[in-house]
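Colleague: Got a structure for you, written out below as structure tokens; questions coming shortly.
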Amino acid sequence: MKGGARVGSGRKLPNIDERRAFSLQDQGFTKLEIANRFNVPYKSMLTIFRKAGRFKETTKRKTSDQLTKPQTTN
């Protein structure tokens, strides 16, 4: 069971235009900028995007081996 024991339990998210928020993200706005624009907490904006499945892919970090090996050019 996710969340509380009762259906609809838990803190309610702010009522924002999610379609507009997703549109702003597609235009390149950060989640913090979108939260400020809608005057809602940043954590609420993260939850809205998480529940909608709207994540940007994270960048792959280089391992320490990749950082120390000299790059060869052909």
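Colleague: Give the number of residues within the range 18-34 that are surrounded by 10 or more Cβ atoms within 10 Å (Cβ to Cβ), free of Cβ contacts under 8 Å to residues at least 24 places away in the same chain and closer than 14 Å to residue 54 by Cβ.
Modeller: Total satisfying the criteria: 7.
Colleague: Sticking with this one: Would you check which residues across the range 35-52 are among the small types (Gly, Ala, Ser) and either in contact with a His (Cβ under 6 Å, 6 or more places away or on another chain) or surrounded by 15 or more Cβ atoms within 10 Å (Cβ to Cβ) (or both) and list them? Reasoning before the result, please.
Modeller: Just the residues of the range 35-52 that are among the small types (Gly, Ala, Ser), to begin with: 35, 44, 52.
Across the range 35-52, the qualifying residues are 35, 44.
Colleague: All but one of (1) at pLDDT below 85; (2) not in a helix (DSSP H, G or I) hold for residue 15; state the number of the condition that does not hold.
Modeller: Unmet condition: (1).
Colleague: Let me ask another. Taking the condition of a type outside the set (S, T, N, Q), under 21 Å from residue 11 (Cβ atoms) and at pLDDT below 90, does residue 54 pass?
Modeller: Working: of a type outside the set (S, T, N, Q): yes; under 21 Å from residue 11 (Cβ atoms): yes; at pLDDT below 90: yes.
Yes.
Colleague: Can you report the number of residues in the range 8-50 which are aliphatic (A, V, I, L, M) and touching an Asp or Glu at 6+ places or on another chain (Cβ under 9 Å)?
Modeller: 2
The values are calculated or read from the model by the stated rules, or taken from the named source; none is laboratory data. Quantities reported herein were computed from a predicted structural model and do not represent experimental measurements. Positions of Cβ are backbone-derived with ideal geometry, glycine not excepted, and every protein chain shown enters the neighbour counts.
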